[in-house]
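Colleague: Below is the structure I would like to discuss, written out as structure tokens.
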Amino acid sequence: MAVTQRRGRRIMMTDEERDAYLAEQRTCRVATVGADGRPHVGALWFCWDGTSLWLYSITRSLRWSQLRHDPRLSVVVDDGAEYGELRGIELSGEAVFVGEAPRTGEPCPELAVPERLFAAKNFGMETMPHDGRHAWIRLTPDAVSSWDFSKLATL
């Protein structure tokens, strides 16, 4: 990760906490930028491979179209109901499209791990089902910030 979190170091997650958190969470919010500069935010399922966040998006979505024109994106994964339970991660960088679009299951070694992780996490399956409507976006973040307010109790 190129940019290190400067503020909130006391409540930031360790790398191990980040990896565990991203493995257990299912839904993220993805922010893209339209041609007019207006942001668009939508929810998606994702998986994390320890280095990159993998998003499985409908190829006919506004998100997909915007990322084709401007690959910048930010993703937030967060949870917690009470103040002391709030925790989350923001990752940002540029989208990279991987594999065929839409994805039909053609051999793509780069997708072997994310498809296995995504299928197990979100579908409880060993192999990824392909519907011919979705395709893969990889975000290898150049900036990451995290927070875990439960750490405030120990400060």
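The values are calculated or read from the model by the stated rules, or taken from the named source; none is laboratory data. Every value quoted in this text rests on a predicted model; they were computed, and no experiment measured them. Methodologically, a virtual Cβ is constructed for each residue, glycine included, from the backbone with ideal geometry; neighbour enumeration extends over all protein chains shown. Note: accessible area is taken over every heavy atom of the protein model, side chains too, but ligands, DNA and RNA are not part of it. Shrake-Rupley method; radii C 1.70, N 1.55, O 1.52, S 1.80 Å.
Colleague: Would you confirm, using the coordinates I've provided, whether LEU86 is open to solvent by 40 Å² or more (accessible area, probe 1.4 Å) and in contact with a helix residue (DSSP H, G or I) (Cβ under 6 Å, 6 or more places away or on another chain)?
Modeller: On the way: open to solvent by 40 Å² or more (accessible area, probe 1.4 Å): yes; in contact with a helix residue (DSSP H, G or I) (Cβ under 6 Å, 6 or more places away or on another chain): yes.
So LEU86 fits the description; yes.
Colleague: Please identify the pairs in which a residue from the stretch 4-21 that is closer than 18 Å to LEU152 by Cβ has its Cβ atom under 6 Å from the Cβ atom of a residue that is modelled with pLDDT under 75 and open to solvent by less than 50 Å² (accessible area, probe 1.4 Å), counting only partners at least 6 apart or on another chain.
Modeller: Listed pairs, sorted by first residue: MET12/GLN5.
Colleague: Looking at the stretch 77-92, can you tell me whether even one residue there is out of contact with any Cys (no Cβ under 8 Å at 6 or more places or on another chain), assigned to a helix (DSSP H, G or I) and aliphatic (A, V, I, L, M)? Show your work before the answer.
Modeller: In the first step, residues of the stretch 77-92 are kept if they are out of contact with any Cys (no Cβ under 8 Å at 6 or more places or on another chain); the result is 78-92.
Filter once more, keeping what is assigned to a helix (DSSP H, G or I): 83-85.
With the extra rule that they be aliphatic (A, V, I, L, M), the set shrinks to none.
So far as the stretch 77-92 goes, no, none of its residues is out of contact with any Cys (no Cβ under 8 Å at 6 or more places or on another chain), assigned to a helix (DSSP H, G or I) and aliphatic (A, V, I, L, M).
Colleague: Also: Can you spot a residue in the stretch 8-28 that is in a strand (DSSP E or B), under 18 Å from the mean Cα position of the chain (by Cα), under 19 Å from ASP79 (Cβ atoms) and at pLDDT 95 or above?
Modeller: yes
Colleague: Residues that are open to solvent by less than 30 Å² (accessible area, probe 1.4 Å), among the polar types (S, T, N, Q) and either modelled with pLDDT under 95 or on the phi > 0 side of the Ramachandran plot (or both): does the stretch 108-122 have at least one?
Modeller: Yes, some residue in the stretch 108-122 is open to solvent by less than 30 Å² (accessible area, probe 1.4 Å), among the polar types (S, T, N, Q) and either modelled with pLDDT under 95 or on the phi > 0 side of the Ramachandran plot (or both).
Colleague: Ok, one more. Counting only residues that are surrounded by fewer than 17 Cβ atoms within 10 Å (Cβ to Cβ) and part of a strand (DSSP E or B), which one in the stretch 36-60 is farthest from the chain's Cα centre (by Cα)?
Modeller: Residue satisfying both the conditions and the ranking: PRO39.
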